[in-house]
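J.: Before we start, here is the structure in question, set down as structure tokens.
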Amino acid sequence: MIVVTGATGNVGRSLVRTLAEAGEQVLATSRGISEADVPQGVRHRRADLTAPEDLRPVFDGADALFLQNGGASAHLLSTHDILDAAKAGGVTRVVLLSSLGVATRPESPSHGMLGRSIEDALRQSGMDWTILRPGGFNSNAYAWAESVRTRRAVAAPFGDVGLPTIDPADIAEVAAAALREDGHGGQVYELTGPAPVTPRQQAEAIGDALGEPVGFIEQTRDEAFAQMLGFMPEPVAETTLAILGEPTPGERRVSPDVERVLGRAPRTFADWARRNVAAFR
């Protein structure tokens, strides 16, 4: 059995579906999961990664685990306790959803140091491990859904700075391969899309998917920072803006790892926009 944490997220939801379609026995978990969140026939159970004492029954009988890094709650995780509970339940293989920031922003408390500590705990666990380090997600564009629906416009900073953002479905397929197949143990995969894409180009791709123009409004850095403070801590907003506005060579780099694992090129942002256009109508 494969346990998928964060099963209602952009990656976890796709991963559960991919594993179920491959015939795997899956237990999907998240804090607020319900039957509507999983494909028919997939077991689900509410579980909170910040309460590892409640996780032991989740792992009973499992042999593999997809562990998401906690996102905004990462600082509340006790990774060693989670992995101890997983090992006690029978888990021998773990695939960790980490972040490219571990490599590109090692000095950042939010993007580098915390992620590194979670990765190190996994490396020290004695279990078979694979680490996935994706860059920015295409699904971050969901933040523009309301403005596109109501005004056919996108507002973002650094309109002409491109990053090779990735489709969460591609992350899920790589995770599924690492969970199901041998040969991925001890590997760190950096996951990106096929080419850099700018916010202005993303707005255009959403417009193409809709069949009508979507305008682009370039925010100042201060405007974007003020908006970000509404849903993320100040240090996280600062580092996020640094990545968006002054990316390092590692953040601009297109990685070959998706194609190396899946045998095909990663999907483009335009592919993602067409598949998810309903969110912007």
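What follows is calculated from the coordinates using simple rules that are stated; it is not laboratory data. The model shown is predicted, which means the values in this text are computed figures rather than measured ones. Glycine also receives a Cβ, built like all others from the backbone with ideal geometry; neighbour counts cover every protein chain displayed.
J.: Looking at the chain as a GNM with Cα springs under 10 Å, which of ALA172, ALA64, ALA195 has the largest mean-square fluctuation?
T.: ALA195
J.: Taking the Cβ of each residue in TYR189, TYR142 as the centre, tally the other Cβ atoms inside 10 Å and list the residues starting with the fewest.
T.: TYR142, TYR189
J.: What do you get for the angle between helix 234-245 and the principal long axis of the chain? Use alpha-carbon atoms, 0 to 90 degrees, nearest ten.
T.: Its long axis makes an angle of about 60 degrees.
J.: For the chain, what is the mean residue ellipticity at 222 nm derived from helices alone (per DSSP H run of n ≥ 4: -39500 (n - 2.57); sum divided by total residues; nearest 500 deg cm²/dmol)?
T.: -11000 deg cm²/dmol
J.: From zero outward in steps of 10 Å, how is the percent of C-alpha pairs of the range 1-118 spread across the bins?
T.: Reading the bins upward from 0: 15, 46, 31, 8, 0.
J.: Tell me which of ILE118, THR150, PHE66 sits at the most positive position along the dipole axis of the chain, charges placed on C-beta atoms (Lys, Arg +1; Asp, Glu -1).
T.: So the residue we want is THR150.
J.: I would also like to ask the following. In the chain, if the dipole is taken from +1 on Lys/Arg beta carbons and -1 on Asp/Glu beta carbons about the Cα centre, which of GLY41, THR5, LEU262 is farthest to the positive end?
T.: Final value for the positive-end residue is GLY41.
J.: How high is the relative contact order of the chain? Use alpha-carbon pairs under 8 Å, at least six apart in sequence, and give a whole percent.
T.: 17 percent
J.: Any chance you could run the full-extension gain for GLU212 through PHE225? It's 0.36 nm times the residue separation minus the Cα-Cα distance, nm to one decimal.
T.: 1.7 nm
J.: Then there's this: Check which residues have an amide H placed less than 5 Å from ARG31's amide H, if you skip close sequence neighbours.
T.: HN-HN under 5 Å from ARG31: ALA47.
J.: May I pose another question? Taking the Cβ of PRO213 as the centre, find all other residues whose Cβ is under 11 Å away and add up their charges (Lys, Arg: +1; Asp, Glu: -1). Walk me through the numbers on the way to the answer.
T.: Values: positive: ARG152; negative: GLU204, ASP208, GLU212.
Local charge sum for PRO213: -2.
J.: How many angstrom lie between the Cα centre of the range 96-145 and the Cα centre of the range 1-45?
T.: The range 96-145 and the range 1-45 have Cα centres separated by 21 Å.
J.: Tell me the label-point distance for the pair ARG281, ASP128, using the 7 Å Cα-to-Cβ offset, in nm and rounded to one decimal.
T.: Using points 7 Å along Cα→Cβ, the separation is 4.3 nm.
J.: Here's something else I'd like to know. Let me spell out the model: positive unit charges on the Cβ of Lys and Arg, negative unit charges on the Cβ of Asp and Glu, origin at the Cα centre of the range 236-281. What dipole size does that give, in debye rounded to 20?
T.: Values: 8 positive and 6 negative charges, 79 e Å.
For this selection, approximately 380 debye.
J.: Now for a different question. Contour minus end-to-end for ARG149 and ARG31, with contour as 0.36 nm per residue of separation and end-to-end as the Cα-Cα distance?
T.: Stretched out fully, the ARG149 to ARG31 stretch lengthens by 39.5 nm.
J.: Among (1) 15.1; (2) 14.0; (3) 17.3, which one is mean projected area of the Cα convex hull in nm² computed from these coordinates?
T.: (2)
J.: Next question, about the same structure. What does the charge dipole of the range 134-281 about its Cα centre add up to, to the nearest 20 debye, if the Cβ of each Lys and Arg holds +1 and the Cβ of each Asp and Glu holds -1?
T.: Computed charge dipole of the range 134-281: roughly 440 debye.
J.: Here's a follow-up. How large is the dipole of the chain about the Cα centre if only Lys and Arg carry +1 and Asp and Glu carry -1, each at its Cβ, rounded to the nearest 20 debye?
T.: 460 debye
J.: As a footprinting exposure proxy, order SER139, SER99 by other Cβ within 10 Å, with the fewest listed first.
T.: The fewest-first ordering by Cβ neighbours comes to SER139, SER99.
J.: While we're on this one: Quick check on the range 180-223: what are the equivalent-ellipsoid semi-axes from the Cα gyration tensor, as sqrt(5λ), descending, whole Å?
T.: 35, 17, 8
J.: What does the charge count near ALA169 come to, summing +1 for each Lys or Arg and -1 for each Asp or Glu among other residues with Cβ under 14 Å from its Cβ? Could you put the intermediate results ahead of the total?
T.: Numbers: positive: ARG13, ARG17, ARG264, ARG267, ARG274, ARG275; negative: GLU21, ASP167, ASP170, GLU173, ASP271.
Every neighbour counted, the sum reads +1.
J.: How would you rank ILE171, ILE217, going from fewest to most other Cβ atoms within 10 Å of each one's own Cβ?
T.: Working: ILE171 23, ILE217 13.
Fewest-to-most ranking of ILE171, ILE217: ILE217, ILE171.
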